[in-house]
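Colleague: A single structure is presented below for examination.
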Amino acid sequence: MTAAYELPASTRAERLGEKQVYLAASGDLRPSANKNCWPAQHAMELAVGEALKSLGWGVERAHPFKADEGHGFIASQREGIETFRRLDPAAPILIAEAVWQYSHHVLPGLTTHRGPILTLANWSGAWPGLVGMLNLNASLTKAGVEYSTLWAEDFTDEAFRRQLAQWLQAGRLEHPADHVRPFAASMAAEAEQKLGLALAEQLRREKAILGVFDEGCMGMFNAIIPDHLLHATGVFKERLSQSALYHETLQTPDDQAAAVRKWMEDRGAEFQTGPNHADDLTDDQIHLQCKMYVAALRLADDFGCDAIGIQYQQGLKDLLPASDLVEGALNNADRPPVTSRDGSRVLYEGEPLPHFNEVDEGAGLDALMTYRLHRAMGQPVESTLHDIRWGAYDPTGSTDEFVWVLEISGAVPPAHLTGGWSGVTSMRQPPMYFPSGGGTIRGVSHPGEVVWSRVYVEADRLKIDIGRAEALELPAEETERRWKETTPQWPMMHAVTYGVSRDQMMARHKSNHIQVAYANSPEEADRAALAKAAMAEALGMEVALCGCRKGGRAWGE
């Protein structure tokens, strides 16, 4: 007798019509952010709809506006899965992002979507869709999902509409990548080759630990390095809980926290405080941040960590003030001393404890490599990630170069800032993202030569892009304009990437984050970049050099 089983019901999607394209928008997990950002997203969608209409295409929104929530974003992974279950899997889909978004909201559906995928962002400092798109692109790359990508400052621009039409007709859009060269050992001098190889061999032999306080910040799938790839470099994860950090923070004595703040203020750091917890940076918030700084060092010491990353969003945001003040201080060699609980040892004395913001493990591995490499080469040991937030030409005419705004949520080492600790102004984090407040490390990165890089995952392999840049000093009025266009509470680097244009960076870069470290001169920066390339290759990474050296000199000359 043949058995009869009740088969699970499946959701059947209607086929999308000819010359129709879906439009979806991944949002934040925080309701306040989605509600506040919706007008910018809606305006972008109207402009994109007009562009599609001008090309003879119609657009169908893949999910509805939610009147009770005040926005039309996909606001969770579950909502994203349910949305994609109802879509024609063979139809073209456009993921339009005008603001920051959580990639895991749409990633599950995109992994099985068979139709052409286009990620699309606005070009705005105030509404960082380009940051959200870069993270989604990197997450799709890691997941092995084919996609095309596009961005525009003006959606009526002829060049944008020409590229959009190409994707609609062909289902693919390619961008030139002639600024990228595979690294060859012959590009580096013998001394840098030997140093890179020796540091790689030491790392693999002696091993290192990344302390990870809860993986997967804000849906950044790309920021999680699979264990088998990380282990091949000699680096292993100690998976720690933010609840342990919360507990240790509350156990830290008040006098030790007060000593941390006094140390910072004695070095010239300024805290802009006020009385209102909801809107101001308060003394109580700073006090908890200083406790967290002590707690982070002690937990790192407990587990023998060589670098740590704190997620903060989500998890700690409802319990403690922002971790950024802590993170920037940890990344600095000159920082408040912290002893073991019994007072017998100064922890990580005279050196940074490299911290990777938002538990971005690609940045964590890079920071660990950079610290060891720069220490061996006598270069500044501090490094940090930034968001590739925005960029523009300087209307004051101080430079003819396109100048990037590299900006992160308050967690840079003071050594990167003009004036060091005395150049630090700590301001309250924006309430929309940080309900528990907390101070930032705000300032402008000092002029100098920079090595930039990004470790990422593609085709189940670790890869790294490395390039050179210069941090500029712009006129005060231009700096203020850029802060007003972005987030004025956060630290900023004015960066010119050598031989890499705006569009080349956007097309190639596999993260919203970029790692930066200073060197003492252009020649030393070149050598540091090549030594890092040699080290990365010896660790098994696929290495690419992007752009050129200062003055247009090609790599290998």
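The values are calculated or read from the model by the stated rules, or taken from the named source; none is laboratory data. Computed from a predicted model, the values in this text were never measured in an experiment. Here Cβ is always computed from backbone atoms with ideal geometry, including for glycine, and neighbour counts include all displayed protein chains. Side chains are part of the model used for accessible areas, which takes the heavy atoms of the whole protein and leaves out ligands, DNA and RNA. Shrake-Rupley method; radii C 1.70, N 1.55, O 1.52, S 1.80 Å.
Colleague: Scan Glu351, Glu270 and give me the residue that is at pLDDT 95 or above, acidic (Asp, Glu) and under 16 Å from Gly410 (Cα atoms).
Modeller: Glu270
Colleague: Can you go through Met432, Met427 and tell me which one is open to solvent by 10 Å² or more (accessible area, probe 1.4 Å) and modelled with pLDDT under 95?
Modeller: Of the residues listed, the single one that is open to solvent by 10 Å² or more (accessible area, probe 1.4 Å) and modelled with pLDDT under 95 is Met432.
Colleague: Does Leu325 satisfy the condition of being in contact with a helix residue (DSSP H, G or I) (Cβ under 6 Å, 6 or more places away or on another chain), of a type in the set (A, V, I, L, M, F, W, C) and either assigned to a loop (DSSP other than H, G, I, E, B) or farther than 18 Å from Ser436 by Cβ (or both)?
Modeller: So Leu325 does not fit the description; no.
Colleague: Under the condition of being under 16 Å from Leu325 (Cβ atoms) and charged (D, E, K, R), which residue from region 272-287 is most open to solvent (accessible area, probe 1.4 Å)?
Modeller: By that ranking, first place goes to Asp284.
Colleague: While we're here: Kindly list the number of the only condition in (1) open to solvent by 10 Å² or more (accessible area, probe 1.4 Å); (2) closer than 30 Å to Leu545 by Cβ; (3) among the hydroxyl-bearing types (Ser, Thr, Tyr); (4) more than 17 Å from the chain's Cα centre (by Cα) that fails for Ser445.
Modeller: (1)
Colleague: So is His63 of a type outside the set (D, E, K, R) and in contact with a strand residue (DSSP E or B) (Cβ under 8 Å, 6 or more places away or on another chain) or not?
Modeller: Yes: the conditions hold for His63.
Colleague: I would also like to ask the following. Where in region 136-226 are there strands (runs of 3 or more DSSP E), lying wholly inside it, with at least 1 residues that are surrounded by 20 or more Cβ atoms within 10 Å (Cβ to Cβ)?
Modeller: Because the criterion is at least 1 residues that are surrounded by 20 or more Cβ atoms within 10 Å (Cβ to Cβ), the strands (runs of 3 or more DSSP E) in region 136-226 that meet it are 148-152, 208-213.
Colleague: Going by the structure shown, is Ala269 buried (at least 17 other Cβ atoms within 10 Å of the Cβ) and more than 28 Å from the chain's Cα centre (by Cα)?
Modeller: no
Colleague: Would it be correct to say that Phe183 is in contact with a Phe, Trp or Tyr (Cβ under 9 Å, 6 or more places away or on another chain) and over 30 Å from Ser148 (Cα atoms)?
Modeller: No.
Colleague: If you don't mind, another one. Identify, by number, the condition in (1) charged (D, E, K, R); (2) in a strand (DSSP E or B); (3) open to solvent by less than 10 Å² (accessible area, probe 1.4 Å) that Arg389 doesn't meet.
Modeller: Single failed check for Arg389: (3).
Colleague: Filter region 499-517 down to the residues that are farther than 23 Å from Lys142 by Cβ and surrounded by fewer than 24 Cβ atoms within 10 Å (Cβ to Cβ) and list them by number.
Modeller: The answer is Gly499, Ser501, Arg502.
Colleague: Taking into account only those residues within region 1-40 that are without any contact (Cβ under 8 Å) to a residue 60 or more places away in the chain and closer than 21 Å to Ala67 by Cβ, which is most open to solvent (accessible area, probe 1.4 Å)?
Modeller: Step by step, filter region 1-40, then rank; the result is Lys35.
Colleague: Right, something else. Looking at region 14-44 only, could you name the residues that are within 16 Å of Val106 (Cβ to Cβ) and in a loop (DSSP other than H, G, I, E, B)?
Modeller: Within region 14-44, Ala25, Gly27, Asp28, Leu29 qualify.
Colleague: What single numbered condition from (1) open to solvent by 10 Å² or more (accessible area, probe 1.4 Å); (2) in a loop (DSSP other than H, G, I, E, B); (3) under 30 Å from Gln489 (Cβ atoms) fails to hold for Asp68?
Modeller: (3) is the only condition that Asp68 fails.
Colleague: Restricting to region 227-246, give me the number of residues that are of a type in the set (Lys, Arg) and either crowded, with 19+ Cβ neighbours inside 10 Å or at pLDDT below 95 (or both).
Modeller: Residues flagged as of a type in the set (Lys, Arg) and either crowded, with 19+ Cβ neighbours inside 10 Å or at pLDDT below 95 (or both) within region 227-246 amount to 1.
Colleague: Which one of the conditions (1) in a helix (DSSP H, G or I); (2) over 17 Å from Leu120 (Cα atoms); (3) touching a residue at least 12 places away in the same chain (Cβ under 8 Å) does Ala47 fail to meet, given that it meets all the rest?
Modeller: Going through (1) in a helix (DSSP H, G or I); (2) over 17 Å from Leu120 (Cα atoms); (3) touching a residue at least 12 places away in the same chain (Cβ under 8 Å) one by one, Ala47 breaks only (2).
Colleague: Taking Gly410 as the residue in question, decide whether it is touching a residue at least 60 places away in the same chain (Cβ under 8 Å) and either among the acidic types (Asp, Glu) or not in a loop (DSSP other than H, G, I, E, B) (or both).
Modeller: no
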